[in-house]
Structure formats: structure tokens, C-alpha cells
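Comments concern the structure below.
The values are calculated or read from the model by the stated rules, or taken from the named source; none is laboratory data. The shown structure was predicted, so the numbers you read here are calculated from the model rather than taken from an experiment. Every residue, glycine among them, receives a Cβ derived from its backbone with ideal geometry; neighbour counts consider all protein chains shown. The protein model used for the area step is the full one, side chains on, heavy atoms only, and it has no ligands, DNA or RNA in it. Shrake-Rupley method; radii C 1.70, N 1.55, O 1.52, S 1.80 Å.
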Amino acid sequence: MKGLVLAGGTASRLFPLTIVTNKHLLPIYDRPMIYYPLDTLAGMGIREVMVIVGGKSVGDIVELLGDGRHFGLDLTYRYQRGALGIAHAIGLARDFIGDDAFCVVLGDNILRGDGLAQTAQRFEAGPWGAGTLLYEVPDPHRFGVAELDEDGRVVGFEEKPEYPKSNLIPVGVYFLRPDAFAVIEGLAPSGRGEFEITDVLNHYIPGNGLFTEVYRGSWTDAGTVPSLLRAAEMAEHDDEAGTLLPPVARPGDPA
């Protein structure tokens with residue numbers, strides 16, 4: 001399985017913090033935000049990862065991460081022009097993915113808990129075409145929201161609804177196979193002018209083609225000032241509990 005980290009976008013909800021820098025370079029406790037999604041992928045046993053960059057400070061991201069060997073990863077990069085949505089960014093990785101299953105982690109998603117290696121293995125070995133992790137939140141209108149039937153099965157996702165049908169959202173961790181690229185090619189932009197990942201997930205719901213699992217660790221995105229603070233508090237709590245490993249040292253950094 002290969003990995004993608006999406007680290008583009010304008011991050012207007014974090015202005016003025018992001019006027020002159022990419023939000024994925026902002027600190028979450030003792031390390032840059034982008035370290036967390038890379039750790040999530042490394043914890044799945046994934047080694048080949050593409051980072052989709054865009055917006056400001058692209059060179060700073062490359063300088064920070066380098067070839068990824070200090071994370072135990074082999075990193076490559078691809079540029080996304082403009083804020084065209086998650087599905088569009090995923091589509092840029094078609095040649096990199098080849099015939100492999102892959103996992104996408106949004107660059108502002110902070111997951112603290114047990115690793116996801118078994119989850120990734122279940123998806124890769126299973127019959128599903130796509131998958132995502134679900135998480136219960138108090139403000140689902142900010143996200144894509146899962147609609148469930150009476151048996152608790154996901155029957156659809158709605159992007160940022162005014163009246164959410166549940167408080168379960170798909171967090172920014174998506175499992176896909178190469179046929180997802182054909183699905184993305186057939187998408188039309190949403191009312192926001194973006195190619196939505198929820199449209200991709202909805203494609204696989206008929207015929208039980210979508211894998212879902214409720215994430216039992218702690219999760220937040222870091223796309224707003226309150227959630228940026230919440231992410232730092234999560235990391236601080238883990239540091240105090242002794243479960244947050246020190247940030248990885250880059251080659252050439254002082255000991």
C-alpha cells in the first residue's frame with residue numbers, strides 16, 4: 001500500500017496565521033503539523049508516500065521533509081494548482097499509485113491513538129473499493145456527514161450540510177484502490193467549485209463497496225483556530241502521558 005498526504009489549499013479559516021505560510025507548517029505542540037499525518041502513514045507500515053503541495057511555502061515543505069528517510073519513508077512531491085478539492089488532489093497521484101491500494105491522509109488531520117496497521121491490512125485484503133474512518137463530533141455541519149440506515153450502515157455522505165443527519169463524519173483518512181481515479185475523472189465540481197471526496201465515497205456505497213470503521217482514538221482536524229488549539233492540547237496530553245515520541249531528527253540537525 002502507498003500513501004498520500006494532501007498539503008495544499010489556502011487555509012483561509014486560519015488567517016492571518018496563513019497569510020505568508022502554508023498551514024501545514026504551523027506548530028502543533030512541539031512539531032510542524034505535517035509531521036502527524038506522516039506518522040499516521042508510517043504507523044500503517046506504508047513506506048512510499050507522495051505529498052501533494054500547493055499554495056504558499058512549497059519550497060519550505062520540501063526543505064523540511066526532504067526525501068523522508070528520517071521518517072522511515074520515501075517521499076515524492078506533486079504540485080496542485082489552486083484549491084480544487086480533495087478528489088482533484090488525489091487524482092494527481094495516478095502515475096505514482098500505479099496498481100497499488102493506497103491511503104490518503106489530509107495534512108491537517110491529527111490522530112492520536114493506536115496505529116492503523118491492522119485497519120489498512122483489513123482494507124487491502126478485503127473486497128471493498130474504498131474506505132474511511134468515522135468519528136463522532138459535536139459540530140458535524142463543518143464536515144462531510146454520514147447518513148445511517150436503521151441498522152447503522154452508511155447509506156450516504158453529505159458535504160457540510162446545514163442540518164446534519166448524524167454526528168458521525170468521515171475523518172481525513174481514506175482508503176482507495178486504483179479504480180478510484182476513473183471515478184474522480186467522472187466527477188463534476190460541487191457548488192463550492194471543488195471536486196469532493198464525499199462524492200467518491202458515495203460511489204462505492206451501493207453493493208457494500210465501502211469499508212467504514214469508527215476510530216476509537218482521539219482525532220481533530222487543525223483547520224480552524226479552535227481546532228488548532230485542540231490539536232496542541234491532545235499532543236500535550238499524550239506527552240504528559242509518555243505516549244508522544246520526540247519529533248524525528250532530520251539528517252544534519254544538531255544532536
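When only DSSP loop residues count, what GluC sites (Glu not before Pro) in the range 92-159 have their Cβ near at most 14 other Cβ atoms within 10 Å? It would help to have the intermediate numbers written out before the result.
Values: sites: Glu124, Glu136, Glu147, Glu150, Glu158, Glu159; in loops: Glu150.
Here the sparse-neighbourhood loop sites are Glu150.
What does DSSP give for the chain in terms of the percent of beta bridges that are antiparallel, rounded to the nearest 5? Each step should come with its number before you reach the end.
On the way: 21 of 42 bridges.
Antiparallel bridges make up about 50 percent of those DSSP assigns within the chain.
Using helices alone, I'd like the mean residue ellipticity at 222 nm for the chain: each DSSP H run of four-plus residues gives -39500 (n - 2.57), total over residue count, nearest 500.
That calculation yields -7000 deg cm²/dmol at 222 nm.
Run the dipole for the range 92-217 about the Cα centre, Lys and Arg Cβ at +1, Asp and Glu Cβ at -1, nothing else charged, and hand back the magnitude in debye, nearest 20.
The dipole of the range 92-217 has a size of about 240 debye.
For the chain, what is the accessible area per residue in Å² when the probe is 1.4 Å?
Values: 11960 Å² over 255 residues.
Normalised by residue count, the accessible surface of the chain is 47 Å².
Where the only charges are on Cβ atoms (+1 Lys, Arg; -1 Asp, Glu), what is the dipole of the chain about its Cα centre, to the nearest 20 debye? Please list the in-between numbers first.
Details: 21 positive and 35 negative charges, 106 e Å.
Dipole size: approximately 500 debye.
Give me the percent relative contact order of the range 120-175, please, defined on Cα pairs under 8 angstrom at least 6 residues apart.
On the way: 94 pairs, mean separation 24.5, N = 56.
Relative contact order comes out at 44 percent.
Can you give the local net charge around Gly126? Use residues other than it whose beta-carbon is closer than 12 angstrom to its beta-carbon, Lys and Arg +1, Asp and Glu -1.
0
With every protein chain present, what accessible area does Arg250 have (1.4 Å probe, heavy atoms only), rounded to the nearest 10 Å²?
The value for Arg250 is about 80 Å².
State the percentage of accessible surface on the range 115-255 attributable to carbon and sulfur atoms; use a 1.4 Å probe and exclude ligands, DNA and RNA. Walk me through the numbers before you get to the answer.
Values: 3790 of 7420 Å².
About 51 percent, which is the carbon plus sulfur part of the accessible surface.
Which lysines have a Cα lying under 22 Å from the Cα of Lys56, excluding residues fewer than 8 positions away in the same chain?
Result set, ordered by chain and number: Lys23.
Under the definition of Cα pairs under 8 Å and six or more residues apart, what whole-number percent is the relative contact order of the chain?
Working: 476 pairs, mean separation 59.5, N = 255.
Averaging sequence separation for qualifying contacts and normalising by length gives 23 percent for the chain.
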